[in-house]
Amino acid sequence: MNLAGAFSDSVQKHSEKTALFWGDATFSYSELWSRSLFVAGILRHQFNVAPGERVGLWLKNCPEFIPALFGVLQTGAVVVPINNFLKPEEVAYILNDAGIDIILTDGELSGHFQALKTKRPSLKLLNAENVLVSFPNPPGGTRFDTELLRNPVRKETDLAVLIYTSGTTGRPKGAMLSHGNLLHNVDSCRQCLHTEADDRFAVLLPMFHSYMLTVGILLPLLVGGSIVIVKSLHPARNLIQEIFTKRPTILPAFPQFYRSLVNAELPGKLPLRICISGSAPLPGQLLHEFESRFQIPLIEGYGLSEASPVVAKNPLDGTHKPGSIGLPIPNVRMSVQDDDGRTLGPNMVGEICVQGGNVMMGYWNQPEETAKAFRDTWLLTGDLGYRDDDGYYYITDRKKDMLLVNGNNVYPREIEEVIYQFPNVKETAVVGQPDARRGEQAIAFVVPNDGTSVNEAALLKFVREKLADYKVPRQVIVSPPLPRNATGKILKTELRKQLGGN
């Protein structure tokens with residue numbers, strides 16, 4: 001079994017059912033399938049895409065994302081979803097690292113194609129909007145379908161998706177997810193969310209993200225459900241209107257959105273069956289207020305791209321504990337271990353480790369980083385936590401130095417490396433400062449070279465040209481020499497104290 005085959009099975013069972021809602025437009029399973037076949041045919045016959053070749057998807061949330069995804073998979077190629085908030089320089093790194101020669105994008109983002117091509121001369125462009133709008137059905141009817149059936153079938157152990165995740169080295173790493181990894185995680189999520197063909201999933205988080213790929217796209221489409229892609233999140237009433245008109249039953253979102261729902265005036269009872277919170281810790285008070293008002297389960301969970309990504313959730317049919325990430329999902333194991341790999345008992349803090357068919361194959365072309373990520377067959381998450389006497393897990397600290405800005409992982413090292421490219425910077429350190437609206441904001445401490453100065457506004461403009469907006473520091477603080485320990489390591493805890501944190 002592979003992902004394209006699983007989608008094909010779903011199409012056969014639910015051919016004329018609405019699979020996708022987008023504003024006033026709807027798309028049936030058969031329509032998505034025909035568009036996927038067309039993408040596959042273009043990739044194979046015009047671009048000579050071969051099984052195992054990496055193809056980039058640089059798209060905002062839109063209907064085209066679905067046929068682009070399955071069209072690539074139907075050729076046996078590997079999908080590389082790319083964060084649409086990234087700047088061309090960041091995208092170019094991923095293109096070169098993954099060896100991507102074809103990128104599917106939209107009309108707006110395709111305006112950056114020439115800039116990308118200067119960094120990746122072999123790059124070719126396929127505008128997904130033009131293909132899918134102009135040619136809704138594959139020419140020649142089932143010709144592409146027949147050709148695909150003659151091609152070698154991809155196995156569960158074959159690479160399906162490369163998800164690029166920020167790393168402490170300052171450069172993103174490609175987590176290799178096989179067809180089996182993703183199918184395993186989809187089935188585990190199906191069981192723990194009791195997902196059925198009657199369910200509709202509201203998709204408002206970015207579709208390039210591993211969580212939306214698995215829970216927002218693959219899960220509903222492989223069980224015969226439907227997807228409601230929210231066209232606009234601003235103003236908030238647009239999203240609320242979508243919920244009441246399209247009537248989704250499952251909503252994966254982030255804590256800030258649930259806060260806005262609690263405070264919103266609503267036209268009636270929410271049609272949702274389950275709400276899922278991720279990307280950032282869910283405050284216990286918010287959980288209480290939400291469930292008290294709406295009488296709808298708000299389930300907090302945990303995952304990481306390297307695990308396809310879902311690892312744990314509070315159970316629907318049991319106790320869900322405020323502050324806890326819950327229990328391991330079906331067919332996934334978790335443990336808390338010390339640095340020597342010994343399993344720790346209840347209420348003892350150590351590293352959260354994960355084992356199961358959802359765990360990645362490794363990092364693309366990075367055997368040393370792959371080796372660091374595993375101990376035997378256990379994935380080392382880098383997150384510290386414990387489990388209580390009932391087996392529920394809790395996260396006590398995040399990966400070292402990582403920030404959460406609007407639910408996005410931001411690693412200071414990546415920002416620091418860009419700042420070091422600016423003239424007259426002697427040293428820099430980026431730390432997080434709590435922010436009521438965005439969760440955290442990056443603050444950059446910068447030490448100028450002796451006898452020189454650094455213009456804060458010019459530095460921020462420089463960084464903004466090279467990094468996604470959410471990574472740009474809110475403030476630059478020109479600083480005296482940074483505090484260091486005896487071995488010369490910068491003491492970021494002291495810098496946080498200067499900001500009033502800990």
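Residue 10 fulfils the conditions (1) of a type in the set (Gly, Ala, Ser); (2) within 24 Å of residue 187 (Cβ to Cβ); (3) surrounded by fewer than 20 Cβ atoms within 10 Å (Cβ to Cβ) except for a single criterion, (3). Does the range 251-264 include one or more residues that are touching a Cys at 6+ places or on another chain (Cβ under 9 Å) and at pLDDT 95 or above? Yes: the range 251-264 contains one or more residues that are touching a Cys at 6+ places or on another chain (Cβ under 9 Å) and at pLDDT 95 or above.
Can you confirm whether the range 402-420 contains a residue that is of a type in the set (A, V, I, L, M, F, W, C), over 24 Å from residue 90 (Cα atoms) and surrounded by fewer than 20 Cβ atoms within 10 Å (Cβ to Cβ)? So far as the range 402-420 goes, no, none of its residues is of a type in the set (A, V, I, L, M, F, W, C), over 24 Å from residue 90 (Cα atoms) and surrounded by fewer than 20 Cβ atoms within 10 Å (Cβ to Cβ).
Taking the stated definitions as given, is residue 163 part of a strand (DSSP E or B), among the hydrophobic types (A, V, I, L, M, F, W, C) and under 13 Å from the mean Cα position of the chain (by Cα)? When the stated conditions are applied, residue 163 passes them. Taking the criterion of being more than 17 Å from residue 494 (Cβ to Cβ) and part of a strand (DSSP E or B), the residues of the range 423-433 that qualify are 425, 426. Taking first residues from the range 485-502 that are of a type in the set (Gly, Ala, Ser) and at pLDDT below 70 and partners that are assigned to a helix (DSSP H, G or I) and surrounded by 14 or more Cβ atoms within 10 Å (Cβ to Cβ), the Cβ contacts under 9 Å between residues at least 6 apart in sequence or on separate chains come to 501/495.
Selection over the range 436-478 of residues that are free of Cβ contacts under 8 Å to residues at least 24 places away in the same chain and closer than 21 Å to residue 497 by Cα gives a count of 1. Taking the listed residues 56, 52, 76, the one that is crowded, with 20+ Cβ neighbours inside 10 Å, out of contact with any Cys (no Cβ under 8 Å at 6 or more places or on another chain), assigned to a loop (DSSP other than H, G, I, E, B) and at pLDDT 90 or above is 76, with no other qualifying. So is residue 262 assigned to a strand (DSSP E or B), β-branched (Val, Ile, Thr) and in contact (Cβ under 8 Å) with a residue 24 or more places away in the chain or not? Here the answer is no, as residue 262 does not meet what is asked. Taking the criterion of being at pLDDT 90 or above, of a type in the set (Lys, Arg), assigned to a strand (DSSP E or B) and in contact with a strand residue (DSSP E or B) (Cβ under 9 Å, 6 or more places away or on another chain), would at least one residue in the range 96-117 satisfy it? No. Does residue 161 qualify as being buried (at least 24 other Cβ atoms within 10 Å of the Cβ), touching a strand residue (DSSP E or B) at 6+ places or on another chain (Cβ under 6 Å) and either closer than 27 Å to residue 17 by Cα or at pLDDT 95 or above (or both)? So residue 161 fits the description; yes. Within the range 266-300, being closer than 28 Å to residue 353 by Cα, touching a Cys at 6+ places or on another chain (Cβ under 9 Å) and either small (Gly, Ala, Ser) or in a loop (DSSP other than H, G, I, E, B) (or both) holds for one residue alone: 297. Picking from residues in the range 180-238 that are over 20 Å from residue 13 (Cβ atoms) and of a type in the set (Ser, Thr, Tyr), the one that is surrounded by the fewest Cβ atoms within 10 Å (Cβ to Cβ) is 232.
Residue by residue, here is whether (1) under 13 Å from the mean Cα position of the chain (by Cα); (2) under 26 Å from residue 369 (Cβ atoms); (3) not assigned by TED's automatic domain parsing to the domain that holds residue 92 holds:
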| residue | (1), (2), (3) |
| --- | --- |
| 180 | no, yes, yes |
| 201 | no, no, yes |
| 214 | yes, yes, yes |
| 225 | no, no, yes |
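Scanning the range 248-296 for residues that are surrounded by 21 or more Cβ atoms within 10 Å (Cβ to Cβ) and of a type in the set (Asp, Glu) yields nothing.
Here is a check on your reading of the model: is residue 384 closer than 30 Å to residue 475 by Cα and either in contact with a strand residue (DSSP E or B) (Cβ under 7 Å, 6 or more places away or on another chain) or assigned by TED's automatic domain parsing to the domain that holds residue 469 (or both)? Against the criterion (closer than 30 Å to residue 475 by Cα and either in contact with a strand residue (DSSP E or B) (Cβ under 7 Å, 6 or more places away or on another chain) or assigned by TED's automatic domain parsing to the domain that holds residue 469 (or both)), residue 384 qualifies. Of the set (1) over 24 Å from the mean Cα position of the chain (by Cα); (2) acidic (Asp, Glu); (3) under 26 Å from residue 96 (Cβ atoms), all apply to residue 414 but (1).
The values are calculated or read from the model by the stated rules, or taken from the named source; none is laboratory data. Worth saying up front: this structure is predicted, and the values here are computed from it rather than measured. Ideal geometry is used to build each Cβ from the backbone, glycine not excepted, and the neighbour counts take in all protein chains shown.
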